[in-house]
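Participant: Got a structure for you, questions after.
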Amino acid sequence: MKFKLYHCPGTRSARVKWLLHELIGDAFEVEIVPLLEAVQYTPDFLSKNPNHGVPVLEITAQDGNSMHMIESGAMIALLADSFPEKCLAPCPDHLSLQRADYLQMLHFGASWMDMVLWQIRVHEHILPSSDRDPLTVRRYRRKFANEIEPQLHARLATTRFICGDTFSAADCVIGQNVRWARAYHLCAHDVFTRYLSRLSERPAYAQAFSDMTRTAGPEIPEDSPAVALFTG
Ligand SMILES: N[C@@H](CCC(=O)N[C@@H](CS)C(=O)NCC(=O)O)C(=O)O
C-alpha cells in the first residue's frame, strides 16, 4: 500500500500526519493544500473530497487501484489497526473493554469534541463578520468548558495518556484537539500542559507539527478567497 496525505499545516490533517509518522516514519507522500487560497474548492480537489476539506488520504493498493478517505477519524482507526506491530490500538481480534474505551475516545475526539471546537472556529474566525453569531460562540465555549474539558481532565489527571498509561492512536486525535482548544484559551489547566509536554517528547509529534510556520493567529484574512466560498 502507498499513502498520500493532502494536508494543510495547523489543521485536522495534522492528526493523520502525526499517526503516519508514528507508524511508517516518512514513507508517505504529502501534498500541501493551501486552504487560504481556496484550492479545496477547485474541481480537481472536489473530485477527491466533495466536502472540500483536509485531510484526504489517498491509498493505493499494490494492483494500482486507489481510493480517497475523507474522514480523519476513520483514517486514524484504519491506520492504527493496519500496523498491529506498532501497538497503537488495542487488538481488534476480540471484544475488550480497552478496545471499547479506545474507539470511544477516538470517535469522541473526531466527532463530539471536534464539533464543539468547529462551532467556535466558524463563528469566531471563518464566517464574514456579518454572519457570525456571538450566542453560538458563547454556547459552545460554555459547553466545552463545562462538559468536554472535565471529562478529559478527569482522565489525564490520573493517567499519562487519554486511554491509560500507554500512548495510543486516540492521542493523535485528542492531543491535536487539545492544541486546537488551547489556541482558544480552553484546556488551559496544567494537566493539559503536562499532557502536551508528554506528547511533544515523541519524535512523530515533532515531525507532524514542525511545518507550522504561520505566525498569525487563528483569524482568516478578510481577503482570502476561501471566506466567500466557505459553506459552514
Ligand atoms: N470531518 C472532517 C473535517 C475536515 C475539515 O473540516 N477540515 C478543515 C480544516 S481543519 C477544512 O479543510 N476546511 C476547509 C473548508 O471547509 O473550506 C475530518 O475530520 O476529516
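Participant: In whole Hz and in residue order, list the ³J(HN,Hα) couplings for the range 46-53 that follow from phi through the Karplus curve 6.51 cos²θ - 1.76 cosθ + 1.60, θ = phi - 60°; x for Gly and Pro.
Facilitator: Going residue by residue, I get 4, 5, 8, 9, x, 8, 6, x Hz, with x marking Gly and Pro.
Participant: Shifting gears a bit: With +1 on each Lys and Arg Cβ and -1 on each Asp and Glu Cβ, and nothing else charged, work out how big the dipole of the range 97-203 is about its Cα centre, in Debye to the nearest 20.
Facilitator: 140 debye
Participant: Starting from the Cα of Lys48, draw a straight line to each of the lysines and keep only those under 17 Å, dropping any in the same chain fewer than 8 residues away.
Facilitator: Lys2, Lys4
Participant: Among 43-53, 139-149, how do they line up by average Cβ neighbours within 10 Å per residue, starting with the highest?
Facilitator: 139-149, 43-53
Participant: Could I ask something else about it? Sum -39500 (n - 2.57) across every DSSP H segment of at least 4 residues in the chain, then divide by the residue count to get the 222 nm mean residue ellipticity, nearest 500.
Facilitator: -12500 deg cm²/dmol
Participant: Based on Cβ point charges of +1 for Lys and Arg and -1 for Asp and Glu, what charge dipole magnitude is obtained for the chain about its Cα centre, in debye rounded to the nearest 20?
Facilitator: Its charge dipole is roughly 700 debye.
Participant: I've got another one for you. When the distances between all Cα atoms of the range 97-203 are binned every 10 Å from zero, what whole-number percent does each bin get?
Facilitator: Per 10 Å bin, starting at 0, the Cα pair percentages come out as 14, 47, 28, 10, 1.
Participant: Short version: what are the Cα gyration tensor semi-axes of the range 41-161, square root of 5 times each eigenvalue, largest first, in whole Å?
Facilitator: 30, 26, 8
Participant: Å³ per residue of the Cα convex hull, for the chain?
Facilitator: 127 Å³
Just so you know, all these numbers are worked out from the coordinates, no wet-lab data involved. Note that the structure is a prediction, hence the values are computed from the model and not measured. Cβ sites come from the backbone with ideal geometry, for glycine too, and all protein chains shown count toward neighbours.
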